[in-house]
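The values are calculated or read from the model by the stated rules, or taken from the named source; none is laboratory data. Because the structure is predicted, anything quoted here is derived from the model rather than measured. When we count neighbours, we look across all protein chains shown, and the Cβ atoms used for this are built from the backbone with ideal geometry, even at glycine. These accessible areas exclude ligands, DNA and RNA; they are computed on the full protein's heavy atoms, side chains included. Shrake-Rupley method; radii C 1.70, N 1.55, O 1.52, S 1.80 Å.
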Amino acid sequence: MIDVSVRSLVKSFELGKNILDGLSFTVTAGERVGILGHNGCGKTTLFRILVGELRADEGDVMIAPSKRLGLISQIPVYPEGWTTEQVLKDAHRHLYRIAEQMEELSQEMERDSSKALLAEYDRLQEDFRRLGGYDMDTDRSRVANGLDISPAMLHQRFDSLSGGEKTRVNLARLILEDTDILLLDEPTNHLDLHATEWLEDYLLGFKGTVLVISHDRYFLDKVVQRSIEIDEGKAEFYSGNYSFYVEERQRRFEEKLKKYEKDQAKIEQLTRAAEQMHLWAFMGNDKLHKRAFSMEKRIEKLSQSEKPQEQRKLNVKFKQREFNGDEVLVMENVSKGFGDRTLFSDLSLTVTGGERIALIGDNGTGKSTLVKLIMGEETPDSGYLYKGPAVRSAYLPQHVRFSVEERSALDTMLYDCRCQPQQARDRLAAFGFKGEDVFTPVGALSGGEKSRLRLCMLMGSDINFLILDEPTNHLDIASREWMEDALSDYEQTLLFVSHDRYFIEKFATRIWALSDGKITDFRGGYEAYCQWKSRQQVYAQAEKRQEKEKKPKPQRPKNNDKAIARTERDIQRLEEKIAGLDQLAEENGSDYQKLMEIAAEKETLETELMELYEKWEELNQ
């Protein structure tokens, strides 16, 4: 069954320039599809058309009847003053409506006990159970915990949250609504590793259809089954995840290039032959002109194919200062907190030359604060940090700012880097700032463009200790690959904070995992760290079982028959009470409020009963 069908879609925002130009594809029910393409190719525009926020100039969009579709980047307007919890509860509004109808019927049945009212109440009660009405609170807690929506955030006003927090809450609401078709536009942008992994696990078990736009290559590899690339307004299809797409795209490029080169050789051969035919025709054989004209038509047809263009690679490298010494950085008993909250304490670590360290951890654990301590922008509450005398460090912060926001990118390079105009333009061009782009005021640049410009400036410095805070956060896939190209030849010490697991795996030779105020120092890459962490969890569970088994079993007293008899009487008493509650529930089947009270009391008694069963087993050992 087809959930989404797009046929011959055309959309333009500028006269004569179509961002979507005959886009066509279908997505069947249950598929998880990645929508790929460079920034500005029309991915988000496509999503906005699918949800009806934009109207296409031409073409048709079909969403399967009765299927509910939700877009993560769309944040609805909620009533003023609503808290985050009220927003999440809004996902269950249909269940609350059923509960209200049941309450109204219950009151009405006190005056009129007709069979029709009782049948309607039974129907509503079954709908409430089938749709998960009794599990609403549990589901909200599960999703909120998974997406790092803290209890404090639940009580905050929704309109006071940051853009990233609103996106997380909106994602949680759509998950709770059991949306049939999820459109995810950069869903991991505001998630830490823990929340991203939770979302991956959720999507892998999700029974509905998923279309996802993402720059997180690791996420795409894990979640996506099929990829659709939007290229020049049309769809290119790839029957696999992101890694498959990269390999297959390169294979197709090489195939097109071979065909182009073969066509060029054929054109050259036919051109020579046509010229020879015309020459012979002038010597008295007019029929050869026809053959020459036929060849020229083939030449014209072959000449229409353009040479395939490979994506331009970054062609710049960091200037490096060779490090001579043993220690780049030493931390000794470093602690830092703000107010009553301690971020970390007693950190003692040493960094030597050439190491590549990834600092990872959940949001709010203090990663950026630790980086600021290393850069001298903050001072520790206790302990000390020491950098070797030969260390020359450079820092790319998460949020880049420039001293004079009104200056152009070119002037910023000239003033801050003290380089010649042509050198500045060459370096800017290598980072995608070409033509009139170099005259754009730095204050008007996007977050990703500012990061690129700052990185471009850092590359002109002699450095041997490079520190990056979320370097790929605002970059598209092409820009991330540019940055990786730049770093691939950098052989000095690298310390970076990142949630980009693809980037971490590519560069890290050491992992610092910050959690609960301590750092787990693992020497190895990210995949090896994940495997080690999984083994540690298995060992911990095994140790718990062993400890439980080692505990001396309580000796059965010689004369404990009375205790056994007393426990058996208590078990019988509770079983009779529970049976009585079951009978009471049948008698009050039309009273929703009474049924809820009975269910709560029954749950308490069943917990006590399980404890008595365990006690009886111990007494009989």
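Testing the spin-label approximation: label points 7 Å from Cα along Cα→Cβ at GLU275 and ASN333. State their distance in nm. It works out to 8.6 nm between the two label points.
Here the stretch 466-565 is assigned +1 on the Cβ of each Lys and Arg and -1 on the Cβ of each Asp and Glu. Its dipole about the Cα centre then comes out at about 1680 debye. The GluC sites (Glu not before Pro) of the stretch 348-426 meeting both criteria, a DSSP state outside H, G, I, E and B (loop) and at most 16 other C-beta atoms within 10 angstrom of the site's C-beta, are GLU377, GLU378, GLU405, GLU406. Taking each of LYS43/LYS222; LYS222/LYS518; LYS43/LYS450; LYS387/LYS518; LYS548/LYS615 in turn, the alpha-carbon distance tops 26 angstrom for LYS222/LYS518.
When both the stretch 391-431 and the stretch 198-260 are represented by their alpha-carbon centers, they are found 34 Å apart.
When only the Cβ of Lys, Arg, Asp and Glu is charged (+1, +1, -1, -1), the dipole of the stretch 233-284 relative to its Cα centre reaches about 80 debye. Ligands, DNA and RNA aside, MET283 has an accessible area near 150 Å² when probed at 1.4 Å.
Take the Cα coordinates of the stretch 1-83, assign each an equal point scatterer, and use the Debye formula without solvent to give log10 I(q)/I(0) at q = 0.11, 0.15, 0.16 Å⁻¹. Debye output, listed in q order: -0.36, -0.62, -0.69.
Run through the DSSP bridge list for the chain and note the antiparallel percent, rounded to the nearest 5.
Counting only bridges with both partners in the chain, antiparallel ones make up about 55 percent.
Placing +1 on the Cβ of every Lys and Arg and -1 on the Cβ of every Asp and Glu, with no other charges, gives the chain a dipole of roughly 2640 debye about its Cα centre.
Spin-label model, ASP485/LYS615: points 7 Å from Cα along the beta carbon direction are separated by 7.3 nm.
Estimated translational diffusion coefficient (Stokes-Einstein, Kirkwood radius over Cα pairs, 37 °C, 0.692 mPa s) of the stretch 374-476: 221 µm² per second. Overall, the accessible surface of the chain at a probe of 1.4 angstrom is composed of carbon and sulfur to the extent of 47 percent. The listed residues ARG48, ARG140, ARG123 rank as ARG123, ARG48, ARG140 when sorted by accessible area, largest first, using a 1.4 Å probe. Taking the three principal axes of the alpha carbon atoms in the stretch 330-431, the coordinate ranges are 49, 31, 22 Å, sorted in descending order.
Secondary structure note: in the stretch 419-551, about 50% of the DSSP beta bridges are antiparallel.
Note on the chain: dipole from Cβ charges, positive end direction compared against SER106, PHE47, ILE228; the farthest Cα belongs to ILE228. Just to confirm the number: angle between the C-alpha axis of helix 163-176 and the first principal axis of the chain, 0 to 90 degrees, nearest 10? Long axis of 163-176 versus the principal axis of the chain: about 60 degrees. Any idea what angle helix 447-458 forms with the longest principal axis of the chain, computed on alpha-carbon atoms, 0 to 90 degrees, nearest 10? So the helix axis and the longest Cα principal axis differ by about 60 degrees. The solvent-accessible area of ASP561, taken with every protein chain present and a 1.4 Å probe, is close to 110 Å². Placing unit charges on the Cβ atoms of the charged side chains and taking the dipole of the chain about its Cα centre, the candidate lying farthest along the positive direction among THR520, PHE13, PRO308 is PRO308. Whole-percent P(r), the stretch 1-152, all Cα pairs, 10 Å bins from 0: 8, 24, 24, 23, 14, 5, 1, 0. Taking a cut-off of 13 Å between Cα atoms, list the aspartates and glutamates near LYS577, but don't count ones fewer than 8 places away on the same chain. Straight-line reach from LYS577, under 13 Å: GLU601, GLU603, GLU606, GLU608.
Report the full-extension gain for the segment GLU405 to LEU302: residue separation times 0.36 nm, less the Cα-Cα distance, to one decimal in nm.
Fully extending the segment from GLU405 to LEU302 adds 32.0 nm.
I'd like the projected area of the stretch 448-566, averaged over all directions, using the convex hull of its alpha carbons. Report it in nm² with one decimal. For the stretch 448-566, the mean projected area of the Cα convex hull comes to 12.9 nm².
Note on the stretch 40-84 and the stretch 452-492: Cα centroid distance 35 Å, given to the nearest whole angstrom. Relative to the current alpha-carbon distance between ILE564 and LYS287, full extension at 0.36 nm per residue lengthens the span by 88.1 nm.
Take the Cβ atoms of PHE13 and ARG93, set R0 to 45 Å, and the FRET efficiency comes out at 0.80. Using a ≥ b ≥ c from the Cα gyration tensor of the chain (square roots of the eigenvalues), is it rounded, prolate or oblate, where a/c under 1.5 gives rounded and otherwise the larger of a/b and b/c decides, a/b for prolate? Because a/c hits 1.5 or more and a/b fails to exceed b/c, the chain counts as oblate. Computed from the C-beta positions of THR350 and ALA429, the FRET efficiency with R₀ = 41 Å rounds to 0.55. Rounded to 0.05, the FRET efficiency of the ASP137 and LEU584 pair, given R0 = 30 Å and the Cβ-Cβ distance, is 0.80. Once both labels are positioned 7 Å from their Cα atoms along Cα-to-Cβ, the gap between LEU118 and LYS207 label points is 3.3 nm.
Classify the stretch 59-133 as rounded, prolate or oblate from the Cα gyration tensor: take a ≥ b ≥ c as the square roots of its eigenvalues, call it rounded if a/c is under 1.5, otherwise prolate when a/b beats b/c and oblate if not. It is oblate, given that a/c is not under 1.5 and a/b is not larger than b/c.
Listed by chain and number, the lysines whose C-alpha is less than 18 Å from the C-alpha of LYS287, apart from same-chain residues fewer than 8 away, are LYS297.
Give me the 1.4 Å probe accessible area per residue for the chain, excluding ligands and nucleic acids, in Å².
55
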